[in-house]
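The values are calculated or read from the model by the stated rules, or taken from the named source; none is laboratory data. Being a predicted model, the structure only gives us computed values, none of them experimental. Please note: Cβ atoms are built from the backbone with ideal geometry, for glycine as well, and neighbour counts cover all protein chains shown. With ligands, DNA and RNA removed, areas are computed over all heavy atoms of the protein, side chains included. Shrake-Rupley method; radii C 1.70, N 1.55, O 1.52, S 1.80 Å.
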Amino acid sequence: MITASAPGKVYLFGEHAVVYGEPAVPCAIERRATVAVEERSDGRLRVEAEDLSLDGFTVEYGETAGESPDVDVSPDLVEAAVGYVDAAVAQAREAADAPEAGLDITIESEIPLGAGLGSSAAVTVAGIAAATRELGVELATTEVAERAYRAEHEVQEGQASRADTFCSATGGAVRVEGENCRSIDAPDLPFVIGFDGGAGNTGRLVSGVRELRERYPFAADTVGTVGDLVRQGERALVEGNVEELGTLMDFNHGLLSALGVSSRSLDRMVWAARDAGAYGAKLTGAGGGGCIVALDPTDETETALRFTPGCEEGFRAALDDQGVRVE
Ligand code: MEV
């Protein structure tokens with residue numbers, strides 16, 4: 001049996017716009033998904049996921065078209081989770097040239113599902129790394145990242161950037177612009193995360209932005225403005241200018257709101273952080289619900305979030321320099 005883990009992430013800047021070739025800066029955080037894989041001889045897949053911030057579920061299914069998993073939780077959540085696992089397994093089988101391989105897969109995650117912290121990318125990255133090793137092939141980190149991207153791209157019906165998967169595979173802070181992905185230096189930023197207990201549907205949210213962009217030239221300009229903001233943010237990052245990073249995060253949140261991907265609870269948490277004296281705050285990831293990220297070296301934002309209606313959890317998260325690793 002091989003076990004691998006990979007980190008979740010927050011977006012300092014640039015989600016959604018990155019889908020259209022603008023730059024983005026996601027940062028890996030010290031919350032991980034861990035995937036254990038063991039080969040089985042009967043060609044079947046068994047997926048067990050116990051702590052995905054949803055009720056634990058176990059699914060057992062074969063390769064017969066139309067065979068549906070036997071589970072007792074919401075089909076939407078299962079479909080989402082199983083979709084990523086299936087796509088990761090397909091990538092691992094292809095990489096290992098073992099199209100018929102059966103696998104027992106156990107997933108544990110400290111990253112809430114669909115909440116903007118990169119749970120699906122972390123599960124996909126760790127799953128591909130563990131499954132290929134179990135099947136006797138050791139992939140370079142860049143190939144794990146590329147295959148994880150292809151898996152996400154397929155599940156999200158062609159609407160995915162390389163940002164989440166590259167960041168989870170390499171760890172640290174990264175810059176992604178189209179196919180160009182690289183690690184960048186970043187100070188250990190004082191991230192505070194607020195989680196509303198909910199989730200957004202990435203595919204639907206990305207489609208919503210696409211429709212606005214096609215309908216209104218000024219929405220396309222808004223996406224371009226996010227790109228300008230990210231370029232400015234990169235300079236602030238190099239200078240370690242946390243105050244300016246905060247100002248730009250506030251701006252980025254406003255633009256994401258204009259693009260229709262914020263929500264009442266995300267806005268409430270953003271304002272709670274700002275009122276508590278954070279340098280800045282924004283939603284992170286696809287939006288619609290889930291998490292915000294703020295910059296605050298003091299305890300004020302974390303405390304304020306705990307008392308904010310609609311916020312289920314407020315916690316500090318450190319930058320994780322380590323990407324995917326075999327445990
Ligand atoms: C989702 O975590 C981030 C988005 O930019 C989609 C993507 O980059 O694939 C909304």
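³J(HN,Hα) across the range 307-322 via Karplus (A = 6.51, B = -1.76, C = 1.60, θ = phi - 60°), whole Hz, x for Gly/Pro?
9, 8, x, x, 9, 8, 8, x, 8, 8, 9, 8, 4, 9, 6, 9
Go through the range 283-294 residue by residue and turn each phi into a ³J(HN,Hα) via Karplus (6.51, -1.76, 1.60, θ = phi - 60°); whole Hz please, and just put x for glycine and proline.
5, 10, x, 5, x, x, x, x, 10, 10, 10, 10
Report P(r) for the chain: all Cα-Cα distances, bin width 20 Å, range 0 to the bin holding the largest distance, values in whole percent.
35, 56, 9
Given the options Ser263, Ser207, Ser168, which has the most mean-square fluctuation in a GNM of the chain, springs set between C-alpha atoms less than 10 angstrom apart?
Ser207
Relative to the first principal axis of the alpha-carbon coordinates of the chain, what is the inclination of helix 264-275, with its axis defined by its Cα atoms, in degrees from 0 to 90 and to the nearest 10?
In the chain, helix 264-275 runs at an angle near 50 degrees to the longest axis.
For Asp185 and Glu214, what is the calculated FRET efficiency with R₀ set at 35 Å and r taken between the beta-carbons, to the nearest 0.05? Mind showing how you got there, number by number?
Details: r = 37 Å, r/R0 = 1.06.
Given R0 = 35 Å and the Cβ-Cβ separation, E is 0.40.
Where is the GNM fluctuation largest for the chain (alpha-carbon springs, 10 angstrom cutoff): Ala126, Ala272, Ala258?
For the chain, modelled as a Gaussian network with Cα springs under 10 Å, the answer is Ala258.
So, by mean Cβ neighbours within 10 angstrom, what's the order for 245-252, 110-117, 10-17 with the highest one leading? Spell out each step's value before the answer.
Numbers: 245-252: 22.4, 110-117: 25.1, 10-17: 28.5.
Result, highest mean Cβ count within 10 Å first: 10-17, 110-117, 245-252.
At a 10 angstrom cut-off on C-beta neighbours, averaged per residue, how do the peptides 186-192, 95-101 rank from highest to lowest? List each step's numbers first, then the result.
Working: 186-192: 18.6, 95-101: 14.1.
Ranking, from highest mean packing down: 186-192, 95-101.
Name the residues whose placed amide hydrogens come within less than 5 Å of the amide hydrogen of Gly114, ignoring near sequence neighbours (fewer than 5 apart) on the same chain.
Long-range HN contacts for Gly114: Ser119, Ser120.
As an exercise, identify the GluC sites (Glu not before Pro) in the range 176-218 lying in DSSP coil whose Cβ has no more than 16 other Cβ atoms within 10 Å.
Working: sites: Glu177, Glu179, Glu211, Glu214; in loops: Glu179.
For GluC sites (Glu not before Pro) across the range 176-218 that sit outside H, G, I, E and B with at most 16 neighbouring Cβ atoms in 10 Å, the list reads Glu179.
Going highest first, how would you order 42-48, 2-8 by mean Cβ packing within 10 Å? Spell out each step's value before the answer.
Values: 42-48: 15.6, 2-8: 26.7.
In descending order of packing, they fall as 2-8, 42-48.
Starting from the Cα coordinates of the range 123-249, work out the convex hull volume and express it per residue in Å³. Provide the component values of the computation, followed by the final result.
Details: hull volume 18.5 nm³, N = 127.
Hull volume over Cα atoms, normalised by residue count, gives 145 Å³.
How far apart, in nm, are the 7 Å Cα→Cβ label points at Asn241 and Glu79?
That separation, rounded to one decimal, is 4.6 nm.
Please state the Cα pair-distance histogram of the range 191-316 with 5 angstrom bins from zero: what percent is in each bin?
The percentages, shortest bin first, are 2, 12, 21, 21, 19, 14, 8, 2, 0.
Quote to one decimal, in nm, the extra length available between Arg204 and Asp299 on full extension: 0.36 nm per residue of separation minus the C-alpha distance between them. List each step's numbers first, then the result.
Numbers: separation 95, 0.36 × 95 = 34.20 nm, distance 3.50 nm.
Extra length from Arg204 to Asp299 when fully extended: 30.7 nm.
Per-residue HN-Hα couplings for the range 240-246, Karplus 6.51 cos²θ - 1.76 cosθ + 1.60 at θ = phi - 60°, whole Hz, x for Gly and Pro?
x, 8, 5, 4, 5, 4, x
Of all accessible surface on the range 94-201 at a 1.4 Å probe, what whole percent is carbon and sulfur?
Working: 1550 of 3980 Å².
It is 39 percent, rounded to a whole number.
Amide H neighbours of Arg40 under 5 Å, counting only residues 5+ apart in sequence or on other chains, H built in-plane at 1.01 Å?
Correct list: Gly102, Leu103, Asp104.
What does the range 123-174 give for Rg and for Dmax, in Å, if only its C-alpha atoms count?
When restricted to the Cα atoms of the range 123-174, Rg and Dmax are 10.8, 31 Å.
Which cross-chain or sequence-distant (5 or more) residues have an amide H under 5 Å from the amide H of Gly287, H modelled 1.01 Å from N in plane?
Close amide H contacts, sequence-distant or interchain: none at all.
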